[in-house]
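Asker: Here you go, one structure.
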Amino acid sequence: MRPVISMPPTADTPAQAAAVDFARRIVPLWQAALGPELLGVYLIGSLAHGGFSRRYSDIDMALITETGLSPQTLDRVRSQAAAVSTDWGAKLSVFWTDRHFGVGRFPPLDRIDYIDHAVVLMERECVRPVRPALEEIQHYLGGAPFTNWTEQARRFATAETLEPKDRKAYLRTLLYPGRFCYSWMTGRMGSNDEAVAFLGKTRPAQLDVSLITRALQCRQADADPDSLFPARTALLSQVDACAALLAGRVPRSGHN
């Protein structure tokens, strides 16, 4: 019997249902590829914690196995998933690890998402990692995620045009400081909607919350972010605001 899936609310229920159906259809592919090695398959990301967008969201699947996942197996199942659906297959993002959460691709924030929000697609054994502490989350956020976002923000801030292929990346770059601040202050993983609501109450110094709110409205409408391109230079100030929070120069919220 398939598990009954209770999904978080979204503005595009048909897209959410189609994405979940695609994810369910490729579970047998993982089972065939991994056999008894496979402990569980789950949805995480916006399909699990809310705010799924047909245009802008990925389909985040988490795999827990006995010993990990080889690149060859991952590539093979990705190819098979694309044969199930070219459109949804292109959005597939796989997080994977072993039963000890010691290898693979499963960063601290995604472990938090798995602990708090994972939707079961298939489970042979329930395995849970130790919950990352706030300090671990902050250490992670201050590393590659902050560096990569900063590079993107500076690239867009100095760009003369917004190419169609860059629309998704640009909108994500506008939204990211909201998610960054939310997770930095709370140690939690949440939707863009939750992050914006949180920032509306906490108002971190120097951060342009109104720009993040406008980006969220664009995402919710599955619209092009071209109308937000004139605001690109504000990304430099957003970087400075997040850097100040990272450096401890901005008081943290009292929210838990």
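Asker: Short version: what are the Cα gyration tensor semi-axes of the stretch 102-167, square root of 5 times each eigenvalue, largest first, in whole Å?
Answerer: Value: 33, 17, 9 Å, ordered largest first.
Asker: What size of dipole, in debye to the nearest 20, comes out for the stretch 13-123 about its Cα centre when the only charges are +1 on Lys and Arg C-beta atoms and -1 on Asp and Glu C-beta atoms?
Answerer: My answer is approximately 280 debye.
Asker: Given H placed on each backbone N at 1.01 Å, which residues far from Leu92 in sequence or on other chains put an amide H within less than 5 Å of it?
Answerer: Ile59
Asker: Among Gly248, Tyr42, His100, which residue has its Cα furthest toward the positive end of the charge dipole of the chain, with +1 on Lys/Arg Cβ and -1 on Asp/Glu Cβ?
Answerer: Projecting each Cα onto the dipole axis, the largest value belongs to Gly248.
Asker: State the Cα centre-to-centre distance between the stretch 150-227 and the stretch 108-126 in whole Å.
Answerer: What the calculation gives is 25 Å, centre to centre.
Asker: Given the options Leu171, Leu29, Leu69, which has the most mean-square fluctuation in a GNM of the chain, springs set between C-alpha atoms less than 10 angstrom apart?
Answerer: Leu29
Asker: What does the convex hull of the alpha-carbon atoms of the chain project to on average, in nm²?
Answerer: 13.6
Asker: Given contacts defined as C-alpha pairs under 8 Å and at least six residues apart, what's the relative contact order of the stretch 143-222, whole-number percent?
Answerer: The normalised contact order for the stretch 143-222 reaches 26 percent.
Asker: Let me ask another. Could you list Asp60, Asp116 in order of exposure, starting from the residue whose Cβ has the fewest other Cβ atoms within 10 Å?
Answerer: Starting with the residue having the fewest Cβ neighbours, the order is Asp116, Asp60.
Asker: Say each of Ala133 and Ala90 gets a label point 7 Å from the Cα, pointing the same way as Cα to Cβ; how far apart are those two points in nm?
Answerer: Here the modelled spin labels are 4.4 nm apart.
Asker: Report, please, the projected area of the stretch 154-256 averaged over directions, based on the convex hull of its C-alpha atoms, in nm².
Answerer: The number I arrive at for the stretch 154-256 is 6.2 nm².
Asker: Which residue fluctuates the most in the chain, going by a Gaussian network model with Cα springs under 10 Å, if the choices are Pro108, Pro36, Pro177?
Answerer: Looking only at Pro108, Pro36, Pro177, the biggest GNM fluctuation is shown by Pro36.
Asker: With unit charges on the beta carbons (Lys and Arg positive, Asp and Glu negative) and the dipole taken about the Cα centre of the chain, which residue among Thr65, Leu174, Ser79 sits farthest to the positive side?
Answerer: So the residue furthest toward the plus end is Leu174.
Asker: Using a basic spin-label model with each label point 7 Å from the Cα along Cα→Cβ, how many nm lie between Asp240 and Glu160?
Answerer: Between Asp240 and Glu160, the label points sit 2.6 nm apart.
Asker: Same structure, new question: Taking only Cα atoms and a 10 Å spring cutoff, compute GNM fluctuations for the chain and point out the largest among Arg232, Arg155, Arg111.
Answerer: Per the Cα network of the chain with a 10 Å cutoff, Arg155 tops the list.
Asker: In whole Å, largest first, what are the principal axis extents of the Cα atoms in the stretch 13-123?
Answerer: The Cα atoms of the stretch 13-123 stretch 36, 30, 20 Å along the principal axes, largest first.
Where a number appears in this text, it was derived from the coordinates with a stated rule and is not lab data. Just so you know, these numbers come straight off a predicted model, no measurement behind them. Quick reminder, even Gly has a Cβ in these numbers, built from the backbone with ideal geometry, and neighbours come from all protein chains shown.
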